[in-house]
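The next block holds one structure in the form of structure tokens; read it before the comments.
The values are calculated or read from the model by the stated rules, or taken from the named source; none is laboratory data. Because the structure is a prediction, the values reported are computed rather than measured. Cβ sites come from the backbone with ideal geometry, for glycine too, and all protein chains shown count toward neighbours.
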Amino acid sequence: MEMLRKFFPIALLVTAISFTSCDDDDGGDNNGGGGGNGTLAEQAEASGNIVTSDSSSTGATSLEDLFNEDFSEGNSWAVGTSYQGLFAEGELTAEEIEEAKDGGNVKSGAITADETWSGVVILDGAVFVDENVTLTIEAGTKVVAISDGTIDYLLVRQGGVINAIGTAEEVIVFTAVDDENNDGTYEAPTRGDFGGLLLNGRASINNGDSNGEAAAEVDVDEAYGGSDDADNSGTLQYIRIEYSGNQIDPETEHNGLTLNGVGNGTKIDHIQIFQGRDDGIEFFGGTVEMSDIVVIGSGDDQVDWTFGWRGTITNLLAIVAEDGGHRGIEGDNQNENNAATPFSEPSITNVTLIDLNEGADNDENEAVLLRVGTKGVIENLRTEGFKTGIRIVNDQTLLNVIDDDLNVESSINDDADNMTIFEGDS
């Protein structure tokens, strides 16, 4: 989210490995290593902690097996790139939408008491799950945003709970239809017609105030963060979020799934984000853990983290679509203070990153960008189609590599222009 905030100019890359940094040898105000020979960039490269030719790195094979060879057709709970959304596929009809409206199954504003959703549910603007309230969404439910000038999204506030538990056969789908003329003439959606799904938890972050809290980008009145790393915002299983990314303001868009300070008491698995305008999944601090995640066609990064996320992802398949997108993974600590604590330090295992656009005319086409001080471990990573494999930026991030606090074991596509790039502060 907030693409302008996170933009970094990228120099033209012409060598297989490039190193740039300002007077790194003195270490500046950074803590940790950097006492060896050479610049921080050279020391990070020499550390051997960023591996790009590990033949044993096969990626998320269990998720790849859900698809045909070119990923156009899915299987079970995950749809392929040829999918056009519930409405276009005939799995959601205008009659169902009108019946939901006539039956009063339209949601708006705060949910102040426990309730259960099923069938077709219409979102009318922002919907909030209040503290001490549980929202249950039954398997097979279709949650529909009507793109008619409103910004429709679902946000679970601190202390609220969402239990949205689908199955492989009855996936819960957050989707949209386009009603540009506001006359009930529905058309298939495009990126950004739905806002997104947001969870605001009470786990620790590194950009908080004196109470450890910060304001959510989507709404400055909505707080997230705190000190309860075991906080429980509920359960999300077998869910697809499609055509998210509604514009919030000129500089900010929704993600598919936004996890703000979400704790590891929350259970999230078997999630697909499809054709969102901004990031697929973004973590703002917290400790939440996930497994079996598929992201296809997000307009910016497929997975993004910042502000001290220390959770896990096991099994991740992320695909940049033929019509564009940026990175497979973008990982940050904090832009204002690269050494802010707690550091972002996730563990991500079994990862396949694929660019179907093959990096065409896109200087941000990196399989993995790690910057502004993130730590972490990425293991068993395989990439296809990216111009750049792994790019590591900023002195603090380089120090983390040198100090063995940032490690990547991967097999980068042989046709990449750059396997690795190391850049210090400039």
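Considering only residues that are assigned to a loop (DSSP other than H, G, I, E, B) and either in contact with a Phe, Trp or Tyr (Cβ under 7 Å, 6 or more places away or on another chain) or surrounded by 13 or more Cβ atoms within 10 Å (Cβ to Cβ) (or both), which ones fall in segment 92-119? Before the answer, list the steps.
Start the filter on segment 92-119 by keeping residues that are assigned to a loop (DSSP other than H, G, I, E, B), which leaves 92-93, 103-105, 112-114, 118-119.
Answer for segment 92-119, where residues must be assigned to a loop (DSSP other than H, G, I, E, B) and either in contact with a Phe, Trp or Tyr (Cβ under 7 Å, 6 or more places away or on another chain) or surrounded by 13 or more Cβ atoms within 10 Å (Cβ to Cβ) (or both): LEU92, THR93, ASN105, SER118, GLY119.
Of all residues in segment 343-396, exactly one satisfies the criterion of being among the charged types (D, E, K, R), within 21 Å of LEU63 (Cα to Cα) and surrounded by 24 or more Cβ atoms within 10 Å (Cβ to Cβ), namely ASP355. So in segment 277-289, with the set limited to residues that are of a type outside the set (Phe, Trp, Tyr) and closer than 19 Å to THR374 by Cα, which one is surrounded by the most Cβ atoms within 10 Å (Cβ to Cβ)? So, considering only residues that are of a type outside the set (Phe, Trp, Tyr) and closer than 19 Å to THR374 by Cα, the one surrounded by the most Cβ atoms within 10 Å (Cβ to Cβ) is ASP279.
This table checks each residue for (1) in contact with a His (Cβ under 7 Å, 6 or more places away or on another chain); (2) small (Gly, Ala, Ser); (3) over 30 Å from ASN75 (Cβ atoms); (4) touching a residue at least 12 places away in the same chain (Cβ under 8 Å).
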| residue | (1), (2), (3), (4) |
| --- | --- |
| ASP221 | no, no, yes, no |
| GLY226 | no, yes, yes, yes |
| ASP231 | no, no, yes, yes |
| LEU236 | no, no, no, yes |
| SER244 | yes, yes, no, yes |
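Under the condition of being in contact (Cβ under 8 Å) with a residue 24 or more places away in the chain and among the acidic types (Asp, Glu), the residues counted in segment 71-90 number 0.
Just to be sure before I move on: is TRP309 buried (at least 24 other Cβ atoms within 10 Å of the Cβ), assigned to a strand (DSSP E or B) and among the aromatic types (Phe, Trp, Tyr) in the structure I sent? First the steps, then the outcome.
Numbers: buried (at least 24 other Cβ atoms within 10 Å of the Cβ): yes; assigned to a strand (DSSP E or B): no; among the aromatic types (Phe, Trp, Tyr): yes.
No, not satisfied.
Among the residues of segment 50-63, are any assigned to a loop (DSSP other than H, G, I, E, B), modelled with pLDDT of 95 or more and more than 20 Å from GLY328 (Cβ to Cβ)? No, the conditions are met nowhere in segment 50-63.
Scan GLY261, GLY265, GLY285, GLY299 and give me the residue that is under 13 Å from the mean Cα position of the chain (by Cα) and closer than 18 Å to GLY225 by Cα. On inspection, the qualifying residue turns out to be GLY285.
Being within 20 Å of GLU98 (Cα to Cα) and surrounded by fewer than 21 Cβ atoms within 10 Å (Cβ to Cβ) holds for only one residue in THR150, THR136, and it is THR150. Suppose we keep only residues that are among the polar types (S, T, N, Q) and surrounded by fewer than 19 Cβ atoms within 10 Å (Cβ to Cβ) within segment 397-426. Which one would you say is farthest from GLU336 (Cα to Cα)? By that ranking, first place goes to ASN407. Could you list, in sequence order, the residues of segment 196-223 that are modelled with pLDDT of 95 or more, in contact with an Asp or Glu (Cβ under 9 Å, 6 or more places away or on another chain) and not β-branched (Val, Ile, Thr)? Passing the criteria: GLY196, LEU198, ASN200, GLY201, ARG202, ALA203, SER204, ASN207, ALA215, ALA216, ALA223. A single entry from ASN260, ASN264 fulfils the requirement of being under 17 Å from VAL129 (Cα atoms) and in contact with a strand residue (DSSP E or B) (Cβ under 7 Å, 6 or more places away or on another chain): ASN260. Here PRO346 fulfils each of the conditions (1) touching an Asp or Glu at 6+ places or on another chain (Cβ under 8 Å); (2) on the phi < 0 side of the Ramachandran plot apart from (1).
Of all residues in segment 386-426, which are in a strand (DSSP E or B), over 22 Å from the mean Cα position of the chain (by Cα) and closer than 15 Å to ARG327 by Cα? ASN418, MET419, THR420, ILE421, listed by residue number. Of the residues contained in segment 148-156, one or more are found to be at pLDDT 95 or above and of a type outside the set (A, V, I, L, M). The residues of segment 40-67 that are in contact with a Phe, Trp or Tyr (Cβ under 6 Å, 6 or more places away or on another chain) and surrounded by fewer than 21 Cβ atoms within 10 Å (Cβ to Cβ) amount to a single one, GLU42.
Any residue in segment 329-351 that is under 28 Å from GLU213 (Cα atoms), free of Cβ contacts under 8 Å to residues at least 60 places away in the same chain and touching a Pro at 6+ places or on another chain (Cβ under 9 Å)? Yes, segment 329-351 contains at least one residue that is under 28 Å from GLU213 (Cα atoms), free of Cβ contacts under 8 Å to residues at least 60 places away in the same chain and touching a Pro at 6+ places or on another chain (Cβ under 9 Å). The criterion of at least 1 residues that are surrounded by fewer than 23 Cβ atoms within 10 Å (Cβ to Cβ) is met by the following strands (runs of 3 or more DSSP E) wholly inside segment 171-251: 172-178, 213-216, 219-225, 234-242, 247-249. Residue-level check: of (1) at pLDDT below 95; (2) of a type outside the set (Gly, Ala, Ser); (3) in contact with a Phe, Trp or Tyr (Cβ under 9 Å, 6 or more places away or on another chain), ILE319 misses just (1).
If we scan segment 272-282, do we find a residue that is more than 18 Å from LEU66 (Cβ to Cβ), among the aromatic types (Phe, Trp, Tyr) and within 12 Å of the chain's Cα centre (by Cα)? No, the conditions are met nowhere in segment 272-282.
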